[in-house]
Amino acid sequence: MNHGSQEGSGITMKRNPDSLLPQGSDQAGEVPPDTADFPLPPSLESRRHQMFPKLAPDEITRLRRFGTVRTWQPGELLFEPGRRGTGMFVLLRGRILVTRKNGLGIEIPIIEGVPGDFTGEVSQLSGHPPLAYGRALEMVEALVIDPSSLRAVVVAEAELGERIMRALILRRVGLIEIGGGGPLLIGPPGGADMVRLQGFLSRNGHPHSVLDPALDSVAEDVMKLHRPRPEELPLVVCPDGTILKCPSERELAHRLGLYIELSADHIYDVAIVGAGPAGLAAAVYAASEGLSVLVLDAHAFGGQAGASARIENYLGFPTGISGQALAGRAYVQAQKFGADMVVPVEVTSLDCTRFPLALNLDCGVKVSAKTVVIATGARYRRPAIPELDKYEGRGIHYWASPIEAALCRQEEVVLVGGGNSAGQAIVFLASHAAHVHHLIRGADLAKSMSKYLIDRIASLANVTLHTQSEIVAIEGSEEGVSAVHWLRQNGSMQRKPTQHIFLFVGADPNTGWLENCGVELNDKGFVCTGLDLPPADHEQSAYPENHRQPLPLETSVPGVFAIGDVRASSIKRVAAAVGEGAAVVAQLHALRALHEAIPG
């Protein structure tokens, strides 16, 4: 965070905002005006007192039972990026300087911590490497609260834990908005791999910055030094100075320390495959009730819903909430209760021939769990358009996030699809694009889209609905899409110059990894559960003494459950997915009780 004035090649901090808060105050109501010398993003300025609260002496006394007191000599590092996070530090004596690096090795002060302050942001709940450096300016004594104890604090100390949690979340938000404490992506904006890595970092809530070498001299110098080939772009400058050339998501996640170490010897109570709304809800409820939980996702937390610009029909949010915000809150909640979250990692197969059940991962690790919850959702279908794959990542998009919106600012775009996700994307894109051409195969939207979205779209002057229309060809070059052709039911053909096509066409279940494991699928590939399963089709080998019907969300394999969009009879709505995520935990407990009741 640029909280100071530039002097030479470095940045020197001018004021410590915590020193300006009333001493001993839990909630600093009025922030003195001279804290403007230490600026925050406009969206966070009014919440400065929540971002940097001061702990009272009695609160520190209560925290002592959760931590260990340690000391550091002047100049020593308390914490740094690239090293496994040790948790939260509560300063008891001395001063520390907390800084971030901007990706080019330049340290920029964030805050000078003094007694009564505490360090960290929300990643410390899970022990991920910190995003900042903390260095002792003098002899320092601090209470170190490790990640598991920090989670205990926010649960056991309700009011104090709430204040700490809010501060940790706001600090992460601040780093994301400013783009500090994370990797620097260098390359032409809009490239397929640039969008891919931006999307991965953004959807996983990780701070990062982007520099265009055509506009930034520093980025141009980095390009000249490393001379990347076109296929090696973007360059990624990691906080430790490491340069990665067009890395995969997994390679970048490993370098940033986002993975936790998985052990083949550890047996989880439940492994949840998929971190969409259903999977996250199951993780929150299961972990809060004391079950050991592992959540695995191949891309990012939030699933398709995480890419929704605004969900307006979710209970409790009358003004709407973005999918990313909803998923981000659930992700933090799951970590608060101790769920292990691993992204990105793909489950390649499920072994149901043994107990505990085994999940084989694409990283070569096998993890074990007493029960498995399938929450892998569905992916947007790729329509049969000639050469579609040629333009994927170069003008073809399957979701509409702020990254894609920035690429098509003041341009005409084409969007295909008639469901709620398509409607949410149209409303969002209409505020960025010059015009949105909306194509559907049907005669109207009434059968597939909620009325509030239909009404909202009808009020947008820069949206044109083209009914009974279907894309038949795409024009383009190596640079990407340049035009699209669609055919109307009356036989007329229309050509529209555009560089961006958004496809929200139907959904196929993510169930390829379930082949040959005994989990029954319907004719469309969705998972059958409960009453969808004839009694004869339900395997009873796991509990031969107790012939029973499957539980409502249980599959044809005992102990394996399915929730959310991947389930055959589910209602494809975010609220329904969250409800199933909560309901499945009660069924996990019921199964455990049944198992314990069987003699032997």
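The values are calculated or read from the model by the stated rules, or taken from the named source; none is laboratory data. All figures in this text were calculated on a predicted structure; none of them were measured in a lab. In this analysis, Cβ positions are derived from the backbone assuming ideal geometry, glycine residues included, and neighbour counts consider all displayed protein chains. Note: accessible area is taken over every heavy atom of the protein model, side chains too, but ligands, DNA and RNA are not part of it. Shrake-Rupley method; radii C 1.70, N 1.55, O 1.52, S 1.80 Å.
Annotations for the structure displayed:
- Residue-level check: of (1) open to solvent by 20 Å² or more (accessible area, probe 1.4 Å); (2) in contact with a strand residue (DSSP E or B) (Cβ under 7 Å, 6 or more places away or on another chain); (3) farther than 30 Å from His266 by Cα, Asp362 misses just (3).
- For the range 476-486, the tally of residues that are surrounded by 15 or more Cβ atoms within 10 Å (Cβ to Cβ) and free of Cβ contacts under 8 Å to residues at least 12 places away in the same chain stands at 0.
- Where strands (runs of 3 or more DSSP E) sit wholly within the range 401-514, those with at least 1 residues that are on the phi < 0 side of the Ramachandran plot and of a type in the set (D, E, K, R) occupy 412-416, 469-477, 480-488, 493-497, 507-509.
Every residue, every condition in (1) under 28 Å from the mean Cα position of the chain (by Cα); (2) surrounded by fewer than 19 Cβ atoms within 10 Å (Cβ to Cβ), yes or no:
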| position | (1), (2) |
| --- | --- |
| Lys451 | no, yes |
| Asn462 | no, yes |
| Ile474 | no, no |
| Arg488 | no, yes |
| Pro497 | no, yes |
| Pro509 | yes, no |
| Asn516 | no, yes |
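- Top-ranked residue in the range 370-394 [being modelled with pLDDT of 95 or more and assigned to a loop (DSSP other than H, G, I, E, B); ranked as surrounded by the most Cβ atoms within 10 Å (Cβ to Cβ)]: Ala375
- Filtered by the rule that a residue be open to solvent by 20 Å² or more (accessible area, probe 1.4 Å), free of Cβ contacts under 8 Å to residues at least 60 places away in the same chain and on the phi > 0 side of the Ramachandran plot, the range 301-356 gives a lone residue, Gly316.
- Hey, Ser469 under 25 Å from Ala305 (Cα atoms) and either modelled with pLDDT under 95 or hydroxyl-bearing (Ser, Thr, Tyr) (or both) or not: no
- Residues in the range 277-301 that are under 20 Å from Lys572 (Cα atoms), touching a Ser or Thr at 6+ places or on another chain (Cβ under 9 Å) and either outside any helix (DSSP H, G or I) or of a type in the set (A, V, I, L, M, F, W, C) (or both): Ala278, Asp297, Ala300.
- Residues of the range 100-135 satisfying the condition of being acidic (Asp, Glu) and within 24 Å of the chain's Cα centre (by Cα): Glu121
- Tallying residues that are open to solvent by less than 30 Å² (accessible area, probe 1.4 Å) and either under 21 Å from Leu521 (Cβ atoms) or out of contact with any Asp or Glu (no Cβ under 8 Å at 6 or more places or on another chain) (or both) within the range 577-586 yields 4.
- Apart from one condition, Gly290 fits all of (1) within 24 Å of Leu591 (Cβ to Cβ); (2) in contact with a helix residue (DSSP H, G or I) (Cβ under 9 Å, 6 or more places away or on another chain); the exception is (2).
- The strands (runs of 3 or more DSSP E) located wholly in the range 173-276 that include 1 or more residues which are farther than 23 Å from Val347 by Cα and not aromatic (Phe, Trp, Tyr) occupy 184-186, 209-211, 235-237, 243-245.
- Scanning the range 548-600 for residues that are hydrophobic (A, V, I, L, M, F, W, C) and in a strand (DSSP E or B) yields Val560, Phe561, Ala562.
- Cβ-Cβ under 7 Å pairs, at least 6 apart or on other chains, the range 88-101 side touching a residue at least 40 places away in the same chain (Cβ under 8 Å) and open to solvent by less than 50 Å² (accessible area, probe 1.4 Å), far side part of a loop (DSSP other than H, G, I, E, B) and acidic (Asp, Glu): Leu91/Asp117; Gly94/Glu138
- Failed criterion for Arg227 (all others in (1) open to solvent by 30 Å² or more (accessible area, probe 1.4 Å); (2) touching a residue at least 24 places away in the same chain (Cβ under 8 Å) hold): (2)
- Tally, over the range 419-436, of residues that are more than 19 Å from Thr498 (Cβ to Cβ), small (Gly, Ala, Ser) and touching a Leu at 6+ places or on another chain (Cβ under 8 Å): 1
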